[in-house]
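Structure first, commentary second.
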């Protein structure tokens, strides 16, 4: 007896195929992430577009505004001086504009430690036929 793939498995395969196609076509992971944010109606920010996403603090990354949800998605970032409070200042700047910071797919042990210490809440959210991990500040 054969089983058909679940919708999650099909979505995962489609996402993997998209990644492989990007790699074969020379699309950088950063450009692919920015493109994905745009496809979902979000607006990636350029460095220095907001004071809290400054080029003297951050390497180029993927930070995108979802105007409809009043959220700023922190997708891929790296501080130039890790451990100097850059993330705390980024979050404070986002919140000062009345928006909610959302960290997408926290991948490093250091980031997970910080988010746990700050009591941020983790959830798995369906996005475009796939799922992503999101971390949000406590309400």
Checklist entry - Of (1) at positive phi; (2) touching a helix residue (DSSP H, G or I) at 6+ places or on another chain (Cβ under 8 Å); (3) at pLDDT 90 or above, residue 129 satisfies all except one. Which? => result (3)
Checklist entry - Which numbered condition trips up residue 114, out of (1) in contact with a strand residue (DSSP E or B) (Cβ under 8 Å, 6 or more places away or on another chain); (2) surrounded by 14 or more Cβ atoms within 10 Å (Cβ to Cβ)? => result (1)
Checklist entry - If you go through segment 123-139 one residue at a time, how many are under 19 Å from residue 93 (Cα atoms), under 14 Å from the mean Cα position of the chain (by Cα) and without any contact (Cβ under 8 Å) to a residue 12 or more places away in the chain? => result 0
Next on the checklist: Can you find a residue that is closer than 25 Å to residue 16 by Cβ and touching a helix residue (DSSP H, G or I) at 6+ places or on another chain (Cβ under 8 Å) anywhere in segment 87-98?
Outcome noted: no
Checklist outcome for this item: Selection over segment 17-37 where residues are part of a helix (DSSP H, G or I), out of contact with any helix residue (DSSP H, G or I) (no Cβ under 6 Å at 6 or more places or on another chain) and either modelled with pLDDT of 95 or more or more than 18 Å from residue 99 (Cβ to Cβ) (or both) yields a count of 14
Checklist entry - Looking at (1) touching a residue at least 12 places away in the same chain (Cβ under 8 Å); (2) surrounded by fewer than 17 Cβ atoms within 10 Å (Cβ to Cβ), can you tell me which one residue 120 breaks? => result (2)
Next on the checklist: I need the full set of residues from segment 125-135 which are more than 17 Å from residue 72 (Cα to Cα) and touching a strand residue (DSSP E or B) at 6+ places or on another chain (Cβ under 8 Å), in order please.
Outcome noted: 131
Checklist entry - Which one is surrounded by the most Cβ atoms within 10 Å (Cβ to Cβ) among residues in segment 64-91 that are without any contact (Cβ under 8 Å) to a residue 24 or more places away in the chain and not in a loop (DSSP other than H, G, I, E, B)? => result 79
Checklist outcome for this item: Looking across segment 95-111 at residues that are surrounded by 12 or more Cβ atoms within 10 Å (Cβ to Cβ) and more than 14 Å from the chain's Cα centre (by Cα), the single one that is modelled with the lowest pLDDT is 110
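The values are calculated or read from the model by the stated rules, or taken from the named source; none is laboratory data. Quick caveat, the model's predicted, so the values are computed rather than measured. Neighbour counts run over all protein chains shown; Cβ positions are idealised from the backbone, glycine included.
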